[in-house]
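Undergrad: First the structure, which I've put down as structure tokens, then a few questions once you've had a look.
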Amino acid sequence: MTNQKEKSHSIPMDHPRYKSLTYRHKIIEGMKNLIVAEAGLIAHGRGEAFDYIIGERTTETAKKAIEAAIAAFLLADHPVISVNGNVAALIPEELVKFSQVISAPLEINLFYRKEGRIEAIEKVLRQAGAQNLLGINESEMVEIEELSSNRRLVDPRGIKKADIVFVPLEDGDRTEALKKNGKKIITVDLNPISRTALWADITIVDNIIRAVPLMIKITQKFKKFPRDELKSIIANFDNVKNIQASLDLIISYIEEQKIEAFKGLDV
Ligand code: PTJ
């Protein structure tokens, strides 16, 4: 397999950081196609840094948060999945699949509005099979209070009437505003102490690339559970303790790296 090239870009498949570079490439291409905002590149880099120090794996604490999130989603009356540029560029097919298995619409909701971005994201989601898409008709949007940014505009059939909103890779002000509007918030954020991570009801500290495929699997399993079992999964979940456990895992991973990182190196 040495020197084999992946078709869409020139990253050799045997490169030790092949996966990470492939997703970086998707973000860069996404920016060129207007899907990703310029600031999305910086956000992705921040995510990569946190992923490094959590060991680029889905931890047991993240799995617990995912289970609580899916239980909450399955019990919700109007769950909605908010989609921004980064998530659409990284995992369009998985987003569409998740929306289908959990029976929640996808709503395009952007922080950085720019002509052509909504259409570019709509296109990539439609190509991935999306049918029920919200947030695409700006003339139908309504405002949510407590928020001055562009994201105050939401779809009346989606986030406006939602009881639970999944907002992966979200800006802190908006999470706070959605909470103040009475929404329950589920997020995926690699930074366990971002404002969104701290404000959310359920914080999944994991890479969106790994989290959503696992969320799909767990939904398929939990769909068969009785409501009482789902309720007890939520009752046994404590978001503050879970975030603290993620921080502990980061500390112990860094501690281990003092030895592990140098293994096999001639230093
Ligand atoms: O497409 P738009 O206009 O809606 O804008 C999207 C971005 C991401 C640019 C916007 O929401 C933003 O500026 O977000 P922040 O405030 O940078 O927050 C993004 C958070 O997501 C940060 O805490 C990152 O660490 C985290 N993050 C980045 N990439 C990933 C991630 N978390 C999980 N998986 C990732 N791949």
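The values are calculated or read from the model by the stated rules, or taken from the named source; none is laboratory data. Keep in mind that what you see is a predicted model, and the values were worked out from it rather than measured. No Cβ is skipped: glycine too gets one built from the backbone with ideal geometry, and neighbour counts run over all protein chains shown. To get the accessible areas, we keep the full protein, side chains included, count just its heavy atoms, and leave off ligands, DNA and RNA. Shrake-Rupley method; radii C 1.70, N 1.55, O 1.52, S 1.80 Å.
Undergrad: Conditions first: (1) among the charged types (D, E, K, R); (2) surrounded by fewer than 16 Cβ atoms within 10 Å (Cβ to Cβ); (3) over 29 Å from Arg24 (Cα atoms). Lys217 passes all but one, so which condition is the exception?
TA: (3)
Undergrad: Then there's this: With respect to Arg126, determine if the residue is farther than 30 Å from Tyr52 by Cβ and assigned to a helix (DSSP H, G or I).
TA: Values: farther than 30 Å from Tyr52 by Cβ: yes; assigned to a helix (DSSP H, G or I): yes.
Taking the combined requirement at face value, the residue satisfies it.
Listed here are the residues, each with its yes/no results for (1) aromatic (Phe, Trp, Tyr); (2) open to solvent by 10 Å² or more (accessible area, probe 1.4 Å); (3) away from the ligand (no atom under 16 Å from the Cβ).
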| residue | (1), (2), (3) |
| --- | --- |
| Pro105 | no, yes, yes |
| Glu115 | no, yes, no |
| Arg126 | no, yes, yes |
| Thr187 | no, no, no |
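Undergrad: At least 3 residues that are more than 21 Å from Leu198 (Cβ to Cβ) and within 13 Å of the ligand (Cβ to nearest atom) in each: list the helices (runs of 4 or more DSSP H) lying fully within the range 32-91 that qualify. Spell out the reasoning first.
TA: Details: elements: 38-54, 60-75, 85-90.
Filter on the range 32-91 gives 38-54, 85-90.
Undergrad: Is it the case that some residue within the range 136-154 is in contact with a Phe, Trp or Tyr (Cβ under 7 Å, 6 or more places away or on another chain), of a type outside the set (Phe, Trp, Tyr) and crowded, with 19+ Cβ neighbours inside 10 Å? Don't jump to the end; show me each part of the working.
TA: Of all residues in the range 136-154, those in contact with a Phe, Trp or Tyr (Cβ under 7 Å, 6 or more places away or on another chain) come to 149-151.
In the following step, the residues that additionally are of a type outside the set (Phe, Trp, Tyr) were identified as 149-151.
If we keep only those that are crowded, with 19+ Cβ neighbours inside 10 Å as well, we get 151.
The answer is yes, given that some residue of the range 136-154 is in contact with a Phe, Trp or Tyr (Cβ under 7 Å, 6 or more places away or on another chain), of a type outside the set (Phe, Trp, Tyr) and crowded, with 19+ Cβ neighbours inside 10 Å.
Undergrad: Still on this structure, I have one more. Checking the conditions here, which among Val101, Val96 is free of Cβ contacts under 8 Å to residues at least 40 places away in the same chain and over 17 Å from Ile185 (Cβ atoms)?
TA: Working: Val101 fails: free of Cβ contacts under 8 Å to residues at least 40 places away in the same chain.
Among Val101, Val96, only Val96 is free of Cβ contacts under 8 Å to residues at least 40 places away in the same chain and over 17 Å from Ile185 (Cβ atoms).
Undergrad: Same structure again: Against the definition (closer than 23 Å to Ile234 by Cα and of a type in the set (A, V, I, L, M)), how does Leu153 come out, yes or no?
TA: Details: closer than 23 Å to Ile234 by Cα: no; of a type in the set (A, V, I, L, M): yes.
No; evaluated as a whole, the condition is false for this residue.
Undergrad: Then there's this: Restricting attention to the range 181-239, report how many residues are more than 24 Å from His78 (Cβ to Cβ) and polar (S, T, N, Q).
TA: Going residue by residue through the range 181-239, those that are more than 24 Å from His78 (Cβ to Cβ) are 190-195, 198, 205-207, 209-210, 213, 236, 238.
Still in the running and polar (S, T, N, Q): 191, 194, 207, 236.
Total satisfying the criteria: 4.
Undergrad: Now for a separate question. Please list, ordered by first then second residue, the pairs with beta carbon atoms under 8 Å, 6 or more apart or interchain, first in the range 191-209 and farther than 12 Å from Leu169 by Cβ and open to solvent by 10 Å² or more (accessible area, probe 1.4 Å), second more than 9 Å from the ligand (Cβ to nearest atom) and among the small types (Gly, Ala, Ser).
TA: Taking only residues 6 or more apart or on different chains, the pairs are Asp201/Ala72; Ile202/Ala65; Ile202/Ala68; Ile202/Ala69; Ile202/Ala72.
Undergrad: Still on this structure, I have one more. What's the number of the condition Arg157 fails, among (1) closer than 22 Å to Glu29 by Cα; (2) more than 15 Å from the chain's Cα centre (by Cα); (3) outside any helix (DSSP H, G or I)?
TA: Going through (1) closer than 22 Å to Glu29 by Cα; (2) more than 15 Å from the chain's Cα centre (by Cα); (3) outside any helix (DSSP H, G or I) one by one, Arg157 breaks only (1).
Undergrad: Something else about it: Of all residues in the range 29-45, which are surrounded by fewer than 14 Cβ atoms within 10 Å (Cβ to Cβ) and without any contact (Cβ under 8 Å) to a residue 60 or more places away in the chain? Quick ask: steps written out before the conclusion?
TA: First, the residues of the range 29-45 that are surrounded by fewer than 14 Cβ atoms within 10 Å (Cβ to Cβ): 32, 38, 42, 45.
Across the range 29-45, the qualifying residues are Lys32, Ile42, Gly45.
Undergrad: In the range 46-57, is there at least one residue being in contact (Cβ under 8 Å) with a residue 60 or more places away in the chain and in contact with a strand residue (DSSP E or B) (Cβ under 8 Å, 6 or more places away or on another chain)?
TA: So far as the range 46-57 goes, no, none of its residues is in contact (Cβ under 8 Å) with a residue 60 or more places away in the chain and in contact with a strand residue (DSSP E or B) (Cβ under 8 Å, 6 or more places away or on another chain).
Undergrad: Still on this structure: State whether the residues of the range 80-103 include one that is modelled with pLDDT under 95 and over 30 Å from Leu230 (Cα atoms).
TA: In the first step, residues of the range 80-103 are kept if they are modelled with pLDDT under 95; the result is none.
The answer is no, given that none of the residues of the range 80-103 is modelled with pLDDT under 95 and over 30 Å from Leu230 (Cα atoms).
Undergrad: Can I ask one more? Restricting to the range 160-185, name every residue that is in contact (Cβ under 8 Å) with a residue 40 or more places away in the chain, more than 16 Å from the ligand (Cβ to nearest atom), open to solvent by 50 Å² or more (accessible area, probe 1.4 Å) and outside any helix (DSSP H, G or I). Before you say what the answer is, go through the steps one by one.
TA: The initial filter retains those residues of the range 160-185 that are in contact (Cβ under 8 Å) with a residue 40 or more places away in the chain, namely 161-171, 174, 184.
From the residues that got through so far, the ones that are more than 16 Å from the ligand (Cβ to nearest atom) too are 161-164, 184.
Pick out the ones that are also open to solvent by 50 Å² or more (accessible area, probe 1.4 Å) and you get 161, 184.
If the condition is that a residue be in contact (Cβ under 8 Å) with a residue 40 or more places away in the chain, more than 16 Å from the ligand (Cβ to nearest atom), open to solvent by 50 Å² or more (accessible area, probe 1.4 Å) and outside any helix (DSSP H, G or I), then Lys184 is the only one that fits.
Undergrad: Could you list, in sequence order, all residues of the range 85-101 that are open to solvent by 10 Å² or more (accessible area, probe 1.4 Å) and touching a Pro at 6+ places or on another chain (Cβ under 8 Å)?
TA: Correct list: Glu94, Ser99.
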